[in-house]
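Asker: Take this structure first; my questions come after.
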Number of protein chains: 2
Amino acid sequence: MAEKAVFHHAGCAVCVDAERRFATALDSKFYDVDVVHLGQDKTRIAEAQAAGVRSVPAFVIDGNFYHINHGADLSALR
Amino acid sequence: MAEKAVFHHAGCAVCVDAERRFATALDSKFYDVDVVHLGQDKTRIAEAQAAGVRSVPAFVIDGNFYHINHGADLSALR
């Protein structure tokens, strides 16, 4: 069964590029990707933060965070 | 045609995890993934560095670098 992978972003250039390069290119056999725009859905910032996310773009998979480069700090999205 | 994605790592725990989570989970329709262990193949450090890679694990795709979290600085691998 595909595992859930949440891709957190904020629409920034670094985020859009990472989404194109990774979020849309992961094999659906492995991951069911949920794309969350934290700038538009601020209710999910706490969830990202609880998993250790400090900046976007970042994936959360099985409770672990994976920052990909650096677009914006979470603190800038509140 | 699948694009080339080079995954640079150095065998560290952060690298192994990123390899499992991303390098082996990218859809082969999109990417032809080349896994390079920079600790074992130091001749390729210059290539990574030229693309902007400063630490591993990192992907290089179409001349752009994508650091995933932080395992080790390239300077520690020489």
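The values are calculated or read from the model by the stated rules, or taken from the named source; none is laboratory data. Everything numeric here is computed off the predicted structure, so don't read it as measured data. Cβ placement follows ideal geometry from the backbone for every residue including glycine, while neighbour counts extend to all protein chains displayed.
Asker: Of all residues in the stretch B:41-75 being in contact (Cβ under 8 Å) with a residue 12 or more places away in the chain and more than 22 Å from A:ARG21 (Cα to Cα), which is surrounded by the most Cβ atoms within 10 Å (Cβ to Cβ)?
Answerer: It comes out as B:ILE45.
Asker: Is it true that some residue in the stretch B:38-52 is within 25 Å of A:VAL56 (Cα to Cα) and touching a Pro at 6+ places or on another chain (Cβ under 7 Å)? First the steps, then the outcome.
Answerer: Looking only at the stretch B:38-52, we keep the residues that are within 25 Å of A:VAL56 (Cα to Cα), and these are B:48-52.
This time we only want the ones that are touching a Pro at 6+ places or on another chain (Cβ under 7 Å), so: none.
Checked against the condition, which is being within 25 Å of A:VAL56 (Cα to Cα) and touching a Pro at 6+ places or on another chain (Cβ under 7 Å), the stretch B:38-52 yields no hits at all.
Asker: Also: Looking at (1) touching a Leu at 6+ places or on another chain (Cβ under 9 Å); (2) away from every other protein chain (no Cβ under 13 Å); (3) assigned to a strand (DSSP E or B), can you tell me which one A:VAL33 breaks?
Answerer: (2)
Asker: Hey, another quick one. Conditions: (1) closer than 25 Å to A:VAL53 by Cα; (2) more than 14 Å from every other protein chain (Cβ to nearest Cβ). B:ALA76 meets all but one. Number of the miss?
Answerer: B:ALA76 satisfies all of (1) closer than 25 Å to A:VAL53 by Cα; (2) more than 14 Å from every other protein chain (Cβ to nearest Cβ) except (1).
Asker: Can you pull out the residues in the stretch B:10-30 that are within 14 Å of another protein chain (Cβ to nearest Cβ), outside any helix (DSSP H, G or I) and in contact (Cβ under 8 Å) with a residue 24 or more places away in the chain? Full working, then the answer.
Answerer: In the first step, residues of the stretch B:10-30 are kept if they are within 14 Å of another protein chain (Cβ to nearest Cβ); the result is B:13-30.
Remaining after also requiring outside any helix (DSSP H, G or I): B:24-30.
Passing the criteria: B:SER28, B:LYS29, B:PHE30.
Asker: Can A:LEU77 be described as touching a helix residue (DSSP H, G or I) at 6+ places or on another chain (Cβ under 9 Å) and modelled with pLDDT under 95? Quick ask: steps written out before the conclusion?
Answerer: Numbers: touching a helix residue (DSSP H, G or I) at 6+ places or on another chain (Cβ under 9 Å): yes; modelled with pLDDT under 95: yes.
In short, yes.
Asker: A further question follows. Take A:ALA2 and tell me if it is of a type in the set (A, V, I, L, M, F, W, C) and more than 11 Å from chain B (Cβ to nearest Cβ).
Answerer: Working: of a type in the set (A, V, I, L, M, F, W, C): yes; more than 11 Å from chain B (Cβ to nearest Cβ): no.
No: the conditions fail for A:ALA2.
Asker: Still on this structure: Can you tell me which residue in the stretch A:36-73 is nearest to the other protein chains (Cβ to nearest Cβ), limited to those that are part of a loop (DSSP other than H, G, I, E, B), of a type in the set (Gly, Ala, Ser) and under 16 Å from B:ASN69 (Cβ atoms)? Walk me through how you get there before you give the answer.
Answerer: Residues of the stretch A:36-73 that are part of a loop (DSSP other than H, G, I, E, B), as a first pass: A:38-41, A:51-54, A:62-63.
After this cut, where a residue has to be of a type in the set (Gly, Ala, Ser) as well, the list is A:39, A:51-52, A:63.
Subset that is under 16 Å from B:ASN69 (Cβ atoms): A:51-52, A:63.
Numbers: A:ALA51: 13, A:GLY52: 10, A:GLY63: 12 Å.
Among those that are part of a loop (DSSP other than H, G, I, E, B), of a type in the set (Gly, Ala, Ser) and under 16 Å from B:ASN69 (Cβ atoms), it is A:GLY52.
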